[in-house]
Amino acid sequence: MRCALRILVMLLSVWGISGCTDGNRQVLEIIVPVGEGGGSDQWARALAPYLQRYLDNSLTVQVVNITGAAGVQGGNVFALRRKPDGRTLFVSSGSQVLPWLLGEPAVRYDFENMRGIAGSPVGGVVYASADLGIRSVEELCASDQTLIYGGISPTGLDMAPLLSFELLGVEVIDILGYAGKGAARVALEQGETNLDYQTSPAYLANVLPLVEEGRAVPLFSFGLIDGDGQVIDDPVFPDLPGMRKAYRACRGHEPSGVAWEAYRAVLMAGFAAQKGLWVHANAPEDRVQELITAAEKATGDPEFLERASRLIGGYDFYVGDNVDAALAETARISLEARRWLIEFLEHGFDVALPEPVR
Amino acid sequence: MIQAAFQALLLLLEPSNLAFMLGGVVVGMVVGVLPGLGGTVGLSLLLPFLFGMEQGPAIAMLIGMAAVVHTADTFPSILLGAPGSSGSQATIMDGYPLAQKGQAGRALSAAFLSSMFGGLVGAITLLLILPIARPLVLAFRSPELFMLALLGLSMVGILSGDRPIRGALMAVLGLLIAAIGAAPATPFYRFTFDNLYLYDGIPLAVFALGLFAMPELLDLLVKGKSIAEGTTTRRVSGWREGLRDVIRERLLVVRSAVLGVAVGFIPGLGGAVVDWLSYGIAAQTSKNSEGFGKGDIRGVIAPESSNNAKEGGALIPTLLFGIPGSGTTAILLGGLVLLGLQPGPRMIRGDLDLTLLIIWTLAIANVFGALTCLLLSGLVARLATLRPSVLAPFLFVIMLAGAFQSSRSWGDMWAFLVVGLMGWVLRRLRFPLPPILIGFVLAASIERNLFISVTRYGWSWLTAPAVIAIGAITVGMTILGVRLSQKAAT
């Protein structure tokens, strides 16, 4: 009996130790607002050992997952409960930036009060089932077939494709509520839907084989945003028109207006600044510079780049002020564009959002 | 293919790979034994070590862990009446009564052996089905998934004893509690009362643990007797009996394993319900089923065989489509991406060797896990003879800590206590508890797929042949289940 108890105590202590944090050494905490294995978690855990390599040795880099409130809780903890001493960092993705952009009531953090350390973009490609017989974005705009788009939620990354259909003037039936982008892609393969988008890594792994078999057709990419805030073609998909070219092809003129501004803000929030590593804006300047220098060296480390290449799919990391710049357009979105976006979501998708104030 | 399979086996048998697999097996057993912890916690423990590891040993470690959780989680289910992980809830139904009769040794060994065979069947099925799995997975559209979830809900009939109305009420209660938090198909939050903890709903591990473990613990303290009230536990004889049981019920073992694989590979159905499905079907299709729920060894064999086989099935959509088939495979997916593998069609064409390595690891880890558990079972079975005043405080702490691992926020503790008290009161009022859990687990799948079916197809999906077929089975199962449990009660 005693032996059995002893085994149990042993098991318990093994498990207890694994949950403990080391209180004596100085810890650089990286708050990840999603669970272990999630996209942001993979990104943070890939970067963490290389940050450690180029940081002062007295700091131990530690990734901490704080989940809850659909990914908002981690940001709230960072903003409200962590001291701005430069020893706590926060990893963001579209799931943290978009609720902030939309002014969701649960959000208590503000990217205006953070400074970027490192970040990376991701692209997205809209493609169609080959059954439609559509071969290009021009044919999509001219099509009179029933187009059915499958997605997860109108307030998530699906905002980008939904806005792009609106801008292109394409009539689409939206089926939202799929459990994930994987499930939405399977729905397209089943014929339940016939339009979908995937982020670049998922596109290369799961859609490209379908394209090669002649069962799917890529139409356009969302594009990326360059230093001047302009939407450019996606460098990973040079043969596909970016959203700006797609717009010109369908409408015959350059895009402009509040809808286009809203699209650019969403594109930045969800894709161009897809992953970001942030510190409190009022953290000590020398600590921030130290972090930026370490991030610069880490993201230039060929070993890291090789390991992270599959994770981020061929895009370049950016560090320091460039991270803030990547989100600047979202932060600067005009009140009219914000109003337009919220009205678009409320009328089109029955989403209830608070009235924008700033 | 055969040559490739042989090469993959050699790769696994390399000492370093084998060592990492055993490491994974140890972690899997520990999280399996501790109530409330399961494969998801195990993977979170392993993930930090993953970055920078070679693909081979890392995969051996991950899969080794995932393979044995549902073997080891049987200990607390049978000995304490508390689920060791969300996969072994149904084992409580008959395993715990067996332990109360002093037959814990028999129940444990039968459970481990059926777990082992179930796991092997799962691995073999995975191997055989892999080349033809894509069209199979694609056959299940949203309407079919909705109907399958309803079929799962019909298991409530058999699990409600002689009170089908009460069982149905409890299932509805489960559906209602699952509605807390973000709605699955629309961007709305329900019943959150501005409390950030409730935004994500109550985690399954917290809910299952609170529902089953707390009432058991409280009853134990109230009665003041040890679990195996005064009976002596027989270590060795139990072992042989368990082996004989499994050999006698070999058809049930195979049948339940096949069911486990099938449910596992249907994405989105929720692997957490497979043990209940298996239990319910075993009870409905076996002869002399009056003893189910009172300590019938078949009620242990069926769910244990299924829940190990499920992991093999759940790997099919995970590897081929990148969509997880169970909670464990959801995190496994993250681990694979971290290793530089992108699950998708290429797993058969380009990365076949790694896919085969996964299958071999699954098979061999299952055997290792079951044998280790068998060796330990005589020792651990004596837990059931402890006085509750010694055992209960210790268990209570473990369970609170286990619940806390779900989201590591105070809300987990509160949710555990509230759900536990609710479970205790309901049980005192003689409401059956399993239906609540079934409703809770299936709620998201039911709502999501019904929502998609209606927005996509209007009402025309109701006339699809597969929908009608599954519907007919559901109605048949419900009637049969209610009749059977009424007969058992008289």
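Checking B:Gly84 against (1) crowded, with 24+ Cβ neighbours inside 10 Å; (2) free of Cβ contacts under 8 Å to residues at least 60 places away in the same chain; (3) more than 13 Å from chain A (Cβ to nearest Cβ), which test does it fail?
Among (1) crowded, with 24+ Cβ neighbours inside 10 Å; (2) free of Cβ contacts under 8 Å to residues at least 60 places away in the same chain; (3) more than 13 Å from chain A (Cβ to nearest Cβ), B:Gly84 violates only (3).
Could you please find all residues in the stretch A:152-177 being within 13 Å of chain B (Cβ to nearest Cβ) and among the small types (Gly, Ala, Ser)?
Across the stretch A:152-177, the qualifying residues are A:Ser153, A:Gly156, A:Gly177.
Looking at (1) outside any helix (DSSP H, G or I); (2) within 21 Å of B:Leu333 (Cβ to Cβ), which is the one condition that is false for A:Val126?
Result: A:Val126 passes all but (2).
So B:Gly32 passes all but one of these: (1) modelled with pLDDT under 85; (2) touching a His at 6+ places or on another chain (Cβ under 9 Å). Which condition number does it fail?
Here B:Gly32 meets the rest and fails (1).
So which of B:Thr355, B:Thr361, B:Thr372 ends up being among the hydroxyl-bearing types (Ser, Thr, Tyr) and within 14 Å of chain A (Cβ to nearest Cβ)?
B:Thr372
Of all residues in the stretch A:146-171, which are of a type in the set (Val, Ile, Thr) and more than 21 Å from A:Trp260 (Cβ to Cβ)?
A:Thr146, A:Ile148, A:Ile152 - these are the residues of the stretch A:146-171 that are of a type in the set (Val, Ile, Thr) and more than 21 Å from A:Trp260 (Cβ to Cβ).
Between a first residue in the stretch A:60-75 that is facing another protein chain (nearest Cβ under 7 Å) and within 19 Å of B:Gly201 (Cα to Cα) and a second residue that is assigned to a loop (DSSP other than H, G, I, E, B) and among the polar types (S, T, N, Q), which pairs have beta carbons less than 7 Å apart while being 6 or more apart in sequence or on different chains?
Within 7 Å, the pairs are A:Thr67/B:Ser407; A:Gly68/B:Ser407; A:Gly68/B:Ser409; A:Gln73/A:Thr67.
I'd like the full set of residues that are closer than 14 Å to B:Val69 by Cα, within 14 Å of chain A (Cβ to nearest Cβ) and in contact with an Asp or Glu (Cβ under 9 Å, 6 or more places away or on another chain), limited to the stretch B:296-330.
B:Ser326, B:Thr328, B:Thr329
Filter the strands (runs of 3 or more DSSP E) completely within the stretch A:144-199 down to those with at least 1 residues that are under 21 Å from the mean Cα position of the chain (by Cα) and under 22 Å from A:Pro241 (Cα atoms).
By residue number, A:148-151, A:195-199.
In the stretch B:392-410, what residues are in a loop (DSSP other than H, G, I, E, B) and surrounded by fewer than 15 Cβ atoms within 10 Å (Cβ to Cβ)? Show your work before the answer.
From the stretch B:392-410, those in a loop (DSSP other than H, G, I, E, B) are B:405-409; that's our starting set.
Matches in the stretch B:392-410: B:Arg408 only.
Scanning the stretch A:192-226 for residues that are at the interface with another protein chain (Cβ under 8 Å from one of its Cβ atoms) and not hydrophobic (A, V, I, L, M, F, W, C), which turns out nearest to A:Gly124 (Cα to Cα)?
Checking each candidate, the answer is A:Pro201.
Which condition breaks for B:Ala179 when tested against (1) buried (at least 17 other Cβ atoms within 10 Å of the Cβ); (2) touching a strand residue (DSSP E or B) at 6+ places or on another chain (Cβ under 6 Å)?
Unmet for B:Ala179, out of (1) buried (at least 17 other Cβ atoms within 10 Å of the Cβ); (2) touching a strand residue (DSSP E or B) at 6+ places or on another chain (Cβ under 6 Å): (1).
Test each condition in (1) crowded, with 22+ Cβ neighbours inside 10 Å; (2) assigned by TED's automatic domain parsing to the domain that holds A:Phe78; (3) part of a helix (DSSP H, G or I) for A:Trp278 and report the one that comes out false.
With respect to (1) crowded, with 22+ Cβ neighbours inside 10 Å; (2) assigned by TED's automatic domain parsing to the domain that holds A:Phe78; (3) part of a helix (DSSP H, G or I), A:Trp278 is out only on (3).
Let's see how each residue does on (1) at pLDDT below 85; (2) over 15 Å from the mean Cα position of the chain (by Cα):
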| position | (1), (2) |
| --- | --- |
| B:Asn17 | no, yes |
| B:Gly24 | no, yes |
| B:Gly28 | no, no |
| B:Val41 | yes, no |
| B:Ile78 | no, no |
| B:Gly84 | yes, no |
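Sort through B:Val30, B:Val41 and tell me the only one that's over 27 Å from B:Asp351 (Cβ atoms), facing another protein chain (nearest Cβ under 10 Å) and buried (at least 24 other Cβ atoms within 10 Å of the Cβ). Show your work before the answer.
On the way: B:Val30 fails: buried (at least 24 other Cβ atoms within 10 Å of the Cβ).
Answer to the check: B:Val41.
Return the residues of the stretch B:185-202 that are at the interface with chain A (Cβ under 8 Å from one of its Cβ atoms) and of a type in the set (A, V, I, L, M, F, W, C); say none if nothing qualifies.
Within the stretch B:185-202, B:Ala185, B:Phe188, B:Leu196 qualify.
Can you name the number of the only condition in (1) touching a residue at least 24 places away in the same chain (Cβ under 8 Å); (2) in a loop (DSSP other than H, G, I, E, B); (3) surrounded by fewer than 21 Cβ atoms within 10 Å (Cβ to Cβ); (4) assigned by TED's automatic domain parsing to the domain that holds A:Ala249 that A:Asp131 fails?
For A:Asp131, the exception is condition (2).
Restricting attention to the stretch B:348-370, which residues are of a type outside the set (Val, Ile, Thr) and under 20 Å from the mean Cα position of the chain (by Cα)?
Result: B:Leu362, B:Ala363, B:Ala365, B:Asn366, B:Phe368, B:Gly369, B:Ala370.
Look at the stretch A:114-123 and say how many of its residues are in a strand (DSSP E or B) and either hydrophobic (A, V, I, L, M, F, W, C) or within 14 Å of chain B (Cβ to nearest Cβ) (or both).
3
How many residues, within the stretch A:37-59, are within 25 Å of A:Ala179 (Cβ to Cβ) and either in contact (Cβ under 8 Å) with a residue 60 or more places away in the chain or not charged (D, E, K, R) (or both)? If you could, list the steps in order and put the result at the bottom.
If we filter the stretch A:37-59 for residues that are within 25 Å of A:Ala179 (Cβ to Cβ), which is where we start, we get A:37-45.
Now drop any that are not either in contact (Cβ under 8 Å) with a residue 60 or more places away in the chain or not charged (D, E, K, R) (or both), which leaves A:37-40, A:42-44.
Residues in the stretch A:37-59 being within 25 Å of A:Ala179 (Cβ to Cβ) and either in contact (Cβ under 8 Å) with a residue 60 or more places away in the chain or not charged (D, E, K, R) (or both): 7 in total.
Residues of the stretch B:12-21 being of a type outside the set (S, T, N, Q) and surrounded by fewer than 17 Cβ atoms within 10 Å (Cβ to Cβ), which ones?
If the condition is that a residue be of a type outside the set (S, T, N, Q) and surrounded by fewer than 17 Cβ atoms within 10 Å (Cβ to Cβ), then B:Leu13, B:Glu14, B:Pro15, B:Ala19 are the ones that fit.
Does B:Phe416 fit the bill of being over 30 Å from A:Gly150 (Cα atoms) and either surrounded by fewer than 20 Cβ atoms within 10 Å (Cβ to Cβ) or within 24 Å of the chain's Cα centre (by Cα) (or both)?
Taking the combined requirement at face value, the residue satisfies it.
From the list A:Tyr109, A:Tyr149, which one is within 14 Å of another protein chain (Cβ to nearest Cβ), in contact with a helix residue (DSSP H, G or I) (Cβ under 7 Å, 6 or more places away or on another chain) and farther than 28 Å from B:Arg134 by Cα?
Among A:Tyr109, A:Tyr149, only A:Tyr109 is within 14 Å of another protein chain (Cβ to nearest Cβ), in contact with a helix residue (DSSP H, G or I) (Cβ under 7 Å, 6 or more places away or on another chain) and farther than 28 Å from B:Arg134 by Cα.
Is it true that B:Thr463 is modelled with pLDDT of 90 or more, in contact with a strand residue (DSSP E or B) (Cβ under 7 Å, 6 or more places away or on another chain), of a type outside the set (Lys, Arg) and surrounded by fewer than 23 Cβ atoms within 10 Å (Cβ to Cβ)?
No: the conditions fail for B:Thr463.
Which one is surrounded by the most Cβ atoms within 10 Å (Cβ to Cβ) among residues in the stretch A:33-58 that are more than 10 Å from every other protein chain (Cβ to nearest Cβ) and not in a helix (DSSP H, G or I)?
Only one residue fits best here, namely A:Pro33.
Quickly run through the stretch B:414-460 and pick out the residues that are hydrophobic (A, V, I, L, M, F, W, C), modelled with pLDDT of 90 or more and part of a loop (DSSP other than H, G, I, E, B).
Passing the criteria: B:Leu429, B:Phe431, B:Trp459.
Of (1) crowded, with 24+ Cβ neighbours inside 10 Å; (2) at pLDDT below 85, B:Asp353 satisfies all except one. Which?
The failed condition is (1).
Of all residues in the stretch B:446-486, which are away from chain A (no Cβ under 12 Å) and among the hydroxyl-bearing types (Ser, Thr, Tyr)?
Residues satisfying the conditions are B:Ser460, B:Thr463, B:Thr474, B:Thr478, B:Ser485.
The values are calculated or read from the model by the stated rules, or taken from the named source; none is laboratory data. Everything numeric here is computed off the predicted structure, so don't read it as measured data. Note: ideal-geometry Cβ built from the backbone for every residue, glycine included; neighbour counts use all protein chains shown.
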